[in-house]
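Right, one structure below, let's go through it.
No lab work stands behind these numbers, since they all come straight from the coordinates. What you are looking at is a predicted structure, and each value in this text was computed from that prediction instead of being measured. No Cβ is skipped: glycine too gets one built from the backbone with ideal geometry, and neighbour counts run over all protein chains shown.
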Amino acid sequence: MKPPPFEYHGPVTLGEALDVLAEVGPDGKVLAGGQSLIPLLNMRLAAPAHLVDVNRVPGLDGIEAGPAGVRVGALARHAAVERSPRAAAVQPLLRQALRLVAHPVIRNRGTVVGSLVHADPAAELPAVLALLGGSVRLASRGGEREIPAARFFTGPMESALRPGELAVSAFFPALPARSGTAFHEVARRHGDYAMAGVAAAVTLDEDFTIAAARVACVSVGPVPVVVDVTAACGRRPASSVPWDAVADAVRERIEPEGDIHATADYRRHLTGVLAVRALRDAAGAARGEES
Amino acid sequence: MNETRHRVTLTVNGVVREATVPGRRLLSDCLRHDLGLTGTHVGCEHGVCGACTVLLDGEPVRSCLTLAVTVDGHEITTVEGLARDGEPSPVQRAFAECHALQCGFCTPGFLCTLTAFLRDNPAPTEEEALEAVAGNLCRCTGYQNILKAVHRAAELQAEEGGA
């Protein structure tokens, strides 16, 4: 299996990259880490006429962690974000999710922003961005726009990215004080895409009752499915939440499909179980417990 | 179709090598076909099996998911470059001692992956060793001897470091 022929472009500045992308328009595809794109090329599921390799563009590999959140540049590899102590301190869900992304060797090359743009509903990072209400910054020759997660993922493998645009960074907001996160998934084999997976974020009040709780589910819809379960949890401490009812509330909101890996019913069941595990861990983390 | 060809310069196992390749040439094919280094094996060609793993600037990557043009100017280490002064490396010796290979097809990928892993984590736990090999498929051994080899390689590496 080899990639089909394409015209290769290796811009060395951002301006040059945006010029090439503007020129080739819908015939162009951006190459960053390539860990999703090159398999698609090798299997001939994609055949772009022009490949714009941004690996030589300086200044795109930043990981900036501040009180408001973490901004990750287009060339920041999964491994670099996973290992960043500052990113983990500001938004621990990043590291929790990245450890579940494929294998360490893939994470050495694959990029966080690339995963978002690839917009696979079975992938972890789109769920993280959706759960946190983050955003993706898109640059083109005409300027920049910042698209919130809720409008960025438009369908399976489809995003709001337009021809001529380059996703230059993504922003993962920090959570308020007394918040915790967790990510749980079940895959047939370690490192495979999950049959079901749930990212959770819980914020507690000063008296440790649940003030806000939500989950983002993977592999159970065309885009990551975010469900606010604050009402289902009720204003109680995590120890007295009716977890079965919370699992049901999540199951009601998803529309999984069956395939050779799992039936729709099994995915629905798993998602409820994983949601409770992730929410309990997130609540524990919000109280400052190790999960 | 006349494809545009690109001149790439790679430092492979410490030797500067040049090749002229189309943009779509995979690093795995560049190493094997253009540079004649057939130690890097090609299994699935979509990133699943790990047989083609090489070190790019010291970090393990799938050479079948990397274009040769992208890594122009970078350093590559393949299985041919793991031995030192004709002596097998600790990881290579451990694989031989522990019978961590049978047909050997997957071995170059395991050796490259583990060389970097043990450099970064010279005394791994059982769980860390398992995670380290989880991205490489082996259809012969059942992995038990490969896991033994990871720990044996760590010992050999420590002895060498101490010598």
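Annotations for the structure displayed:
- Here the alpha carbons of the range B:68-163 define both size measures, Rg and Dmax, at 13.5, 41 Å.
- Projected label distance in nm at A:D248 and B:R5, using a 7 Å step from Cα toward the beta-carbon: 6.9
- Span-rule helices in chain A, defined as complete DSSP H runs reaching 20 Å or more along the axis (Cα) with Kyte mean at least -0.5: A:264-286
- Between amide H atoms placed 1.01 Å from N, distances below 5 Å from A:A211 occur with A:T203, A:L204, A:D205, all of them 5 or more places distant or on a separate chain.
- Using alpha carbons only, the radius of gyration of the range A:7-53 set against its Kirkwood radius gives Rg/Rh = 0.98.
- The 3J(HN,Hα) values that the Karplus relation (6.51, -1.76, 1.60; θ = phi - 60°) gives for the range A:218-229 are, in residue order, 9, 6, 10, x, x, 9, x, 9, 9, 10, 8, 10 Hz. Gly and Pro appear as x.
- Amide H contacts of B:T53 (H built 1.01 Å from N, in plane; Pro and chain starts excluded): B:S63, B:G109 sit under 5 Å, all sequence-distant by 5 or more or on other chains.
- Of the two radii for the range A:42-192, the radius of gyration is 0.95 times the Kirkwood radius, both from the alpha carbons; that is the Rg over Rh value.
- With the alpha-carbon atoms of the range A:179-286 aligned to their principal axes, the span from lowest to highest coordinate is 46, 26, 21 Å, starting with the largest.
- Radius ratio Rg over Rh of the range A:22-123, counting only Cα atoms, Kirkwood formula for Rh: 1.00
- Amide H contacts under 5 Å for A:V30: A:V52, restricted to partners 5 or more places along the chain or on a different chain, H placed in the peptide plane at 1.01 Å from N.
- Share of pairwise Cα separations in the protein assembly as shown, more than 39 Å, in percent: 25
- Relative contact order, whole percent, for the range B:90-162 stands at 54, derived from Cα pairs under 8 Å and 6 or more residues apart.
- Stretchable slack from A:R162 to A:F208, in nm (0.36 nm times residue separation minus alpha-carbon distance): 12.1 nm
- Value in Å of the Kirkwood radius, where the range B:113-163 supplies the Cα pairs that are averaged: 11.3
- Phi-derived couplings, Karplus 6.51 cos²θ - 1.76 cosθ + 1.60 at θ = phi - 60°, listed residue by residue for the range B:56-64: 10, 6, x, 9, x, 9, 6, 6, 7 Hz, with x used for Gly and Pro.
- Considering only A:D281, A:D27, A:D248, the Gaussian network model of chain A with Cα springs below 10 Å gives its largest mean-square fluctuation to A:D27.
- Working from label points 7 Å from Cα in the Cα-to-Cβ sense, the A:D61 to A:D259 distance is 3.3 nm.
- The value of relative contact order for chain A, using C-alpha pairs under 8 Å at least six residues apart, is 15 percent.
- Distance distribution P(r), chain B, all Cα-Cα pairs, bin width 10 angstrom from 0: 11, 40, 32, 14, 3, 0 percent.
- Residue-wise HN-Hα coupling along the range A:35-40, computed from phi with Karplus coefficients 6.51, -1.76, 1.60 (Hz; x: Gly, Pro): 6, 10, 5, 5, x, 5
- Debye-sum result for the range B:24-115 in log10 I(q)/I(0), which assumes one identical scatterer on each alpha carbon, at q = 0.12, 0.17, 0.18, 0.20 Å⁻¹: -0.34, -0.67, -0.75, -0.91
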